[in-house]
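Asker: What follows is a structure written as structure tokens; I'll ask about it next.
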Amino acid sequence: MKNKDIMSSEVTSKKDKMINMIVLVLLSLGAVIMIFPLFYMIMTSFMTKNQYLSGQLRIIPNPWVWGKYAEVMAKGNFISGILNTVKVEIPVLLIGGFTSSLAAFAFAKMEFRGKGAIFMGLLATIMIPFAVIMIPQYVMFTKFGWTDTLLPLIIPACFGNISMVFFLRQNLSSIPNDLMDAAKLDGCGYFRTFLQIFFPLMKGAVGTQLTLWFMTIWNDYLAPTIFLRSEKNWTLQVVIRSFNTYYSIQSDYALIMAASVIAMLPTITLFFCFQRVIIESVAISGIK
Amino acid sequence: MEGKKGNKQKCKLSAMAKREERWGLLFVAAPAAGFLIFMLYPIIFAILTSLTTWNGAKGFQGMMDRFCGFDNYVKLFADKKFWQTLVTTTIYLLGIPIGMILGLLCAMGMNRKIPGVRVLRTMYYVPVISSLVSVSILWAWVYNYDYGLLNTIIKTLTGMHGPNWLGDEALIKVSMIIFMVWKGLGTSIILYLAGLQNIPRSYYEAAMVDGATGWQKFKNITLPLLSPVTFYILVTTLIGGFQVFVEVQVMTPSGNGGIGYSAATIVFYLYQKAFESFQLGYASAIAVILAIIIFIITLINFIGQNKWVKTMD
């Protein structure tokens, strides 16, 4: 009897191993299909025009052309695109990150009338698509004289990012309230309590959220196309798009692909560095 | 004596509570003000604009001078292009169930004890964090009729010339859906994988004791317990699906929405009306319809959550 049990479990584990092998092969095949276009993108950026317009399936560049990246960087637009994006990133992440953390602290650890209502109101804004409010915002920013400057991309974001507030509040709820009470008893002011006690405790979560926010700003396209008219103010994504329109007529796909590869590098690098926390934070959003 | 002391303490407490209230409100003031200025006010303004034929000239007065009641909405309902973009947007939504099924299958595979799961997960996730503009450009190149990767592969394998992926009114929709599934698959995998890992092992063990088959376990344990995740993915992708814009502008030649406007979405139409022909009133009416659609999805979310979603207990 006992023997039979062991045998049957061995059989299932053998069967399991077989299934696992098949699953692994299928998943790997899928992963290759997922990555292949991106791989081809990098390869195209090193090919000669003759090769990628030959109509033959040759994936590896022959010969390797290294010059396209330098050519992209030498286009004035490209560098100014990167600079403009960075000019948006820095103030937004610093100021917006601060206002968001502060608000999250208040929502999680302080008591005041209207807290629930304000929070629900803010949460509702996550659902509102930018497309719905882009016309009024455009009208408003034109009135302020902000159109064709980076201000429409900077100022509203400095008021805080609701999903960041939401996540940090969630994160803070795991920190015991005793800390707050102790700080109160010691007569520690609310701002100091935030800055010296709670902020250090939520640093990790703030970092993750700022990383995600950095990527969102870096990849943003719709708002910059609407608010920025002249080329010198374009952010990187708008520049890349214009490269595509302009150089695909000349079939200069190597140049276009090289530009796109550079434009993707920062977010991909960040992702590889902070993979674990980024994926965790995405996963939590579905469970909570 | 005792009562007096209690009273005094209560007074002190309420002074403290008041202080806390002042600071609390101050701390949330920035996001709250941002919400009022950059969200609530624009929404009201959009509704107002949708009742006019304003073209942006002569400020607020100019807008009110062009008041036209519900004319824009009446026109919109007779506007063939509007319906076409609405239908196209809805067709694109077909990518959602496809992505969810593929995502669930991949997640279930990754939930088994196989080596290299983390590497696999990362590979599927890379398209998600890639810039939408960059990968749209990439896929326009992959779909290129004469020299694209896809048609080169087809030609090598079959000797025949592949189809015109972005140049055919029906096929362009398929091409867009393939692209969107590719771009978003990683998110549903991660969400489903987290959901699967959250299901207690004991449930499956109990089912095994009862002699349940694999399919029964999947149907009676896995699917119901994943329903919160499924619902979350469905709602977020639906809301995102109604906002498709970048892909259309980047992947259609010269950003015209494809042959016969075949790839254009609601937001693409809205963008063109607003920022290319400056029919701000008409475009705002489209925006309001879009807001209503999103609002209905959110409402279904709230109602449906209690009805369809099953929890651990």
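The values are calculated or read from the model by the stated rules, or taken from the named source; none is laboratory data. The model shown is predicted, which means the values in this text are computed figures rather than measured ones. All Cβ positions, glycine included, derive from the backbone under ideal geometry; neighbour counts span all protein chains shown. Side chains included, ligands, DNA and RNA excluded: accessible areas come from the protein's heavy atoms. Shrake-Rupley method; radii C 1.70, N 1.55, O 1.52, S 1.80 Å.
Asker: Looking at region A:209-219, which of its residues are open to solvent by less than 40 Å² (accessible area, probe 1.4 Å) and hydroxyl-bearing (Ser, Thr, Tyr)? Walk me through it before giving the result.
Answerer: Taking region A:209-219 first, the residues open to solvent by less than 40 Å² (accessible area, probe 1.4 Å) are A:209, A:211, A:213, A:215, A:217-219.
Within region A:209-219, A:211 is the sole residue that qualifies.
Asker: Residue A:65 - would you say it is outside any helix (DSSP H, G or I) and either in contact with a Leu (Cβ under 9 Å, 6 or more places away or on another chain) or not basic (Lys, Arg) (or both)? Break it down into steps so the answer makes sense when it comes.
Answerer: On the way: outside any helix (DSSP H, G or I): yes; either in contact with a Leu (Cβ under 9 Å, 6 or more places away or on another chain) or not basic (Lys, Arg) (or both): yes.
The answer is yes for residue A:65.
Asker: Output yes when any residue across region A:144-167 is out of contact with any helix residue (DSSP H, G or I) (no Cβ under 6 Å at 6 or more places or on another chain) and closer than 18 Å to residue B:24 by Cβ, and no when none is.
Answerer: yes
Asker: Let me ask something else about it. Being among the polar types (S, T, N, Q) and over 22 Å from residue B:80 (Cβ atoms) is the filter; apply it to region B:263-304 and report the residue that is modelled with the lowest pLDDT.
Answerer: Taking region B:263-304 and keeping what is among the polar types (S, T, N, Q), we get B:265, B:272, B:277, B:279, B:284, B:298, B:301.
Subset that is over 22 Å from residue B:80 (Cβ atoms): B:298, B:301.
Values: B:298: 85, B:301: 79.
Looking at residues that are among the polar types (S, T, N, Q) and over 22 Å from residue B:80 (Cβ atoms), I get B:301.
Asker: Moving on. For region B:95-155, list the helices (runs of 4 or more DSSP H) that sit wholly inside it and hold at least 2 residues that are closer than 22 Å to residue A:258 by Cα; which are they?
Answerer: B:117-129, B:132-142
Asker: Can you tell me which residue within region B:153-175, out of those that are among the β-branched types (Val, Ile, Thr) and in contact with a Gly (Cβ under 6 Å, 6 or more places away or on another chain), is least open to solvent (accessible area, probe 1.4 Å)?
Answerer: Step one: of region B:153-175, the residues among the β-branched types (Val, Ile, Thr) are B:153-154, B:156, B:158, B:172, B:174.
Okay, now just the ones that are also in contact with a Gly (Cβ under 6 Å, 6 or more places away or on another chain), so B:154, B:172.
Numbers: B:154: 48, B:172: 1 Å².
Ranking the candidates gives B:172 first.
Asker: Taking the residues in region A:75-111 that are open to solvent by 60 Å² or more (accessible area, probe 1.4 Å) and under 22 Å from residue A:179 (Cα atoms) as candidates, determine which candidate is farthest from the other protein chains (Cβ to nearest Cβ).
Answerer: A:98
Asker: Another question, then. Which residue is modelled with the lowest pLDDT, if the candidates are limited to region A:112-149 and must be within 8 Å of chain B (Cβ to nearest Cβ) and not in a helix (DSSP H, G or I)?
Answerer: Taking the candidates together, the pick is A:127.
Asker: Report every pair of residues separated by at least 6 positions or lying on different chains whose Cβ atoms are under 7 Å apart, first residue within region B:131-150 and farther than 14 Å from residue A:253 by Cβ and more than 7 Å from every other protein chain (Cβ to nearest Cβ), second in a loop (DSSP other than H, G, I, E, B) and open to solvent by 10 Å² or more (accessible area, probe 1.4 Å).
Answerer: Going by the 7 Å Cβ cut-off, the qualifying pairs are B:150/B:165.
Asker: Please give the number of the condition residue B:211 fails out of (1) open to solvent by 10 Å² or more (accessible area, probe 1.4 Å); (2) in contact with a Leu (Cβ under 7 Å, 6 or more places away or on another chain); (3) more than 9 Å from chain A (Cβ to nearest Cβ); (4) in a loop (DSSP other than H, G, I, E, B).
Answerer: The failed condition is (2).
Asker: Just one of A:278, A:287 is open to solvent by 40 Å² or more (accessible area, probe 1.4 Å) and at pLDDT below 90; which is it?
Answerer: A:287
Asker: Go through region B:256-272 and count every residue that is open to solvent by less than 10 Å² (accessible area, probe 1.4 Å), under 12 Å from residue B:81 (Cβ atoms) and of a type outside the set (Phe, Trp, Tyr).
Answerer: Looking only at that region, the number is 6.
Asker: Restricting attention to region A:64-102, which residues are among the small types (Gly, Ala, Ser) and in contact with a Phe, Trp or Tyr (Cβ under 8 Å, 6 or more places away or on another chain)? Full working, then the answer.
Answerer: Taking region A:64-102 and keeping what is among the small types (Gly, Ala, Ser), we get A:67, A:70, A:74, A:76, A:80-81, A:96-97, A:100-101.
Hits for region A:64-102 are A:80, A:81, A:96, A:97, A:101.
Asker: I need the full set of residues from region B:281-298 which are touching a strand residue (DSSP E or B) at 6+ places or on another chain (Cβ under 9 Å) and either at the interface with chain A (Cβ under 9 Å from one of its Cβ atoms) or charged (D, E, K, R) (or both), in order please. Before you say what the answer is, go through the steps one by one.
Answerer: So in region B:281-298, the residues touching a strand residue (DSSP E or B) at 6+ places or on another chain (Cβ under 9 Å) come out as B:281, B:284.
Answer for region B:281-298, where residues must be touching a strand residue (DSSP E or B) at 6+ places or on another chain (Cβ under 9 Å) and either at the interface with chain A (Cβ under 9 Å from one of its Cβ atoms) or charged (D, E, K, R) (or both): just B:284.
Asker: Only one of (1) over 24 Å from residue B:100 (Cβ atoms); (2) more than 9 Å from chain A (Cβ to nearest Cβ); (3) among the β-branched types (Val, Ile, Thr) fails for residue B:181. Which number is that?
Answerer: The number of the failed condition is (1).
Asker: Pull up region A:150-178, narrow it to residues that are at the interface with chain B (Cβ under 7 Å from one of its Cβ atoms) and part of a loop (DSSP other than H, G, I, E, B), then point me to the one that is farthest from residue B:36 (Cα to Cα). Break it down stepwise before answering.
Answerer: Restricting attention to region A:150-178, the residues satisfying the condition of being at the interface with chain B (Cβ under 7 Å from one of its Cβ atoms) are A:156, A:159-160, A:162, A:165.
Remaining after also requiring part of a loop (DSSP other than H, G, I, E, B): A:159-160.
On the way: A:159: 11, A:160: 12 Å.
That would be A:160.
Asker: Every residue in region A:220-241 that is assigned to a helix (DSSP H, G or I) and open to solvent by 30 Å² or more (accessible area, probe 1.4 Å), please. I'd like the intermediate steps shown before the answer.
Answerer: Residues of region A:220-241 assigned to a helix (DSSP H, G or I): A:222-227, A:231-233, A:236-241.
Scanning region A:220-241 gives A:231, A:232, A:241.
Asker: Assess whether residue B:187 counts as being open to solvent by 10 Å² or more (accessible area, probe 1.4 Å) and at the interface with chain A (Cβ under 9 Å from one of its Cβ atoms).
Answerer: Working: open to solvent by 10 Å² or more (accessible area, probe 1.4 Å): yes; at the interface with chain A (Cβ under 9 Å from one of its Cβ atoms): yes.
Against the criterion (open to solvent by 10 Å² or more (accessible area, probe 1.4 Å) and at the interface with chain A (Cβ under 9 Å from one of its Cβ atoms)), residue B:187 qualifies.
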